[in-house]
Every structure is written in structure tokens, then in C-alpha cells.
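The values are calculated or read from the model by the stated rules, or taken from the named source; none is laboratory data. Just so it is clear, the model here is predicted, and its values are computed rather than measured. Cβ placement follows ideal geometry from the backbone for every residue including glycine, while neighbour counts extend to all protein chains displayed.
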Amino acid sequence: MQPNTNGEGFSDFGVGWRHARRRNSPRADALRNRELLIKVARHAVAELGLGVSVNEIVRRAGLGQATFYRRFASREELLSAVLGDVLDEVQDGLRRAAEADPAQGLRDALRLLVEHQARHRGLFELLNDQPGAAAEAHADGQARVREQLRHIGERAQEAGAMHPDARWQDLPFLAGSLAATSSSCLGIDADDDLTDRLLGTVLAGLRAGAARA
């Protein structure tokens, strides 16, 4: 049986499939609203913590709750999307760090981890301190980050930029310690360059240890 064709020689099946694909594709405004909600929620969580409400997020986005719930089933689903966005950004940064020379790549990777863990502390707590749905949903993303860190750490060791007794697994813990630095300690206020100095001290220690090995 030959398929029906329209006047221009195209089969009805092909035309129908194209029309169905257009009907089933998300509208451009729906995608924009989803991206806007993720962006706004990311900033809101960084500023207010994980307890930020849907009301606050939609207020900042200039959208209504109905629009929110058309894009996300729950606040938790939105937070998971934000976490995925952050992990994607970390992966992109580590990919660039791996393309630099080993010593610079190690520095860039540590700085990237420090900045993201400090800025998105609440989101990383979802992965580290509250294992469960969030960790399971982003298991692949975490695995890719670990593999990138392994590559960067091993390159640094081979180049003498990191002591052979150190492990690449130490890197996120070092970054987490720097990211958790308080703004004040024993009455001493942290200045804007504190993180850079501490990061430089850590890297100098790793290099010095490698030179003695």
C-alpha cells in the first residue's frame, strides 16, 4: 500500500510526524521560564540557604506559582536541577584546568572547588551531609568530577607539583576546609585576600613536599 501524498509530493506520514514533533516540543517560553527559575533559585539559595521558599523564588523571578509548578513538581526538584547546573559548571572548569600545565591546573582546580563550595555550601551539603535522593540523582555527575580530579592530581604528582604521599582524593577536602573559613576568628576579621593566601600556602606545601620526596 502506497502512502498518501500531498500536492507537493510529501507523504502524509512525514508531514504528520513533523507536526506531532512540533506539538510535543516544549515551547520556547517554557524553556526560558525553566532556565530563569534555575538561575534565580541558584542565587537565592546562595544568599538565603536551602530553606528558601517557592514564594521567594517566584517573586524574584517575576513569575507565578502556577508557572513554577508547570516546570517543576516540587521545590526539591528545582533544587536538584540547580545542583545539576552547579556540577556541570564544576566539570567545565575542571576540564579547562586539565588542559593547563600540571601545576597551574592543580591551582585552578583547587580554586574552582573552593569558590563553588563556598558559594553553594548548602547545595554541597545535600550531597555530602544528607546522602539520599540528591546524591543518587547526581551520582554520574559526581563520578565525572572525581575522574577529572584524579587526572589533575596524578598529572600534578608526575610533574612534581604534588607530594607522592598526597592523594587526589584529598583535593576536595582541602578545598572544603578553605571554603569553610570563617569571616572572623578570635576577634580577627578575614580580609579579601585570605583565601588566596591560604590557597597559596597549601599549594606551596604540596610543592615543597614533592621536592623533598
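Structure summary
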quantity: Selection status of Gln65, out of contact with any Asp or Glu (no Cβ under 6 Å at 6 or more places or on another chain) and without any contact (Cβ under 8 Å) to a residue 24 or more places away in the chain; calculated: yes
quantity: Sole exception among (1) within 21 Å of Leu37 (Cβ to Cβ); (2) touching a Leu at 6+ places or on another chain (Cβ under 8 Å); (3) hydrophobic (A, V, I, L, M, F, W, C) for Phe124, by number; calculated: (2)
quantity: Qualifying positions in segment 173-185 - more than 19 Å from Leu94 (Cα to Cα) and either surrounded by 15 or more Cβ atoms within 10 Å (Cβ to Cβ) or in contact with a His (Cβ under 8 Å, 6 or more places away or on another chain) (or both); calculated: none
quantity: Per-region count, segment 157-172, residues buried (at least 20 other Cβ atoms within 10 Å of the Cβ), touching a residue at least 24 places away in the same chain (Cβ under 8 Å) and assigned to a loop (DSSP other than H, G, I, E, B); calculated: 2
quantity: Within segment 26-66, tally of residues that are more than 17 Å from Asp85 (Cα to Cα) and surrounded by 18 or more Cβ atoms within 10 Å (Cβ to Cβ); calculated: 3
quantity: Test set (1) within 30 Å of Gly176 (Cβ to Cβ); (2) of a type in the set (Val, Ile, Thr); (3) modelled with pLDDT of 95 or more - Val58 fails condition number; calculated: (1)
quantity: Residues of segment 44-54 that turn out to be among the β-branched types (Val, Ile, Thr) and part of a helix (DSSP H, G or I), as a count; calculated: 2
quantity: Checklist (1) surrounded by fewer than 14 Cβ atoms within 10 Å (Cβ to Cβ); (2) at pLDDT 95 or above applied to Ile188, failing item; calculated: (2)
quantity: Asp189 being over 18 Å from Asp108 (Cα atoms), free of Cβ contacts under 8 Å to residues at least 24 places away in the same chain and out of contact with any Phe, Trp or Tyr (no Cβ under 9 Å at 6 or more places or on another chain); calculated: yes
